[in-house]
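**Student:** After the structure tokens below, expect a handful of questions from me.
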Amino acid sequence: MAENGSMWAEKPWWCQPWTIVLTGLGVGSASWLFWQRWWVTAPVAAAILVWWWLFLVLVPATYRQQNGGD
């Protein structure tokens, strides 16, 4: 377990919350800028939201639960 109890302290820079959010925003924006079709961008955005929920909400909550936090 990390000294400060955060799983993010154990992760490299490219796996931090800010990089996950920026990458998702970049991919979603690029999808719209490249294709300019909502029916392409909507599934991309949905996949990004699932990815964010998984890695920014579910995984940290599970980590805290397993490591006696909160």
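The values are calculated or read from the model by the stated rules, or taken from the named source; none is laboratory data. None of the values given here were measured: they were computed from a predicted structure. Note that each Cβ is placed from the backbone with ideal geometry, even for glycine, and that neighbours are counted across all protein chains shown.
**Student:** Of the residues V21, V44, V27, which single one is in contact with a helix residue (DSSP H, G or I) (Cβ under 6 Å, 6 or more places away or on another chain) and modelled with pLDDT of 95 or more?
**Tutor:** Working: V21 fails: in contact with a helix residue (DSSP H, G or I) (Cβ under 6 Å, 6 or more places away or on another chain); V27 fails: in contact with a helix residue (DSSP H, G or I) (Cβ under 6 Å, 6 or more places away or on another chain).
That would be V44, the only listed residue that is in contact with a helix residue (DSSP H, G or I) (Cβ under 6 Å, 6 or more places away or on another chain) and modelled with pLDDT of 95 or more.
**Student:** Considering R37, R64, which residue is under 19 Å from the mean Cα position of the chain (by Cα) and among the basic types (K, R)?
**Tutor:** Details: R37 fails: under 19 Å from the mean Cα position of the chain (by Cα).
Just one listed residue meets the conditions, R64.
**Student:** In the range 3-47, what count of residues is obtained for those that are more than 24 Å from A61 (Cβ to Cβ), loosely packed, with under 14 Cβ neighbours inside 10 Å and not hydrophobic (A, V, I, L, M, F, W, C)?
**Tutor:** Residues that pass the stated criteria total 5.
**Student:** If you go through the range 47-56, how many residues are modelled with pLDDT under 95 and either more than 16 Å from C15 (Cα to Cα) or β-branched (V, I, T) (or both)?
**Tutor:** Selection size over the range 47-56: 0.
**Student:** Right, here's the next one. Return the pairs, sorted by first residue and then second, in which the second residue is of a type in the set (G, A, S), the first residue lies in the range 25-42 and is free of Cβ contacts under 8 Å to residues at least 60 places away in the same chain, the beta carbons are less than 8 Å apart, and the residues are 6+ apart or on different chains.
**Tutor:** G28/A45; S31/A45; V40/S31; T41/G28; T41/S31
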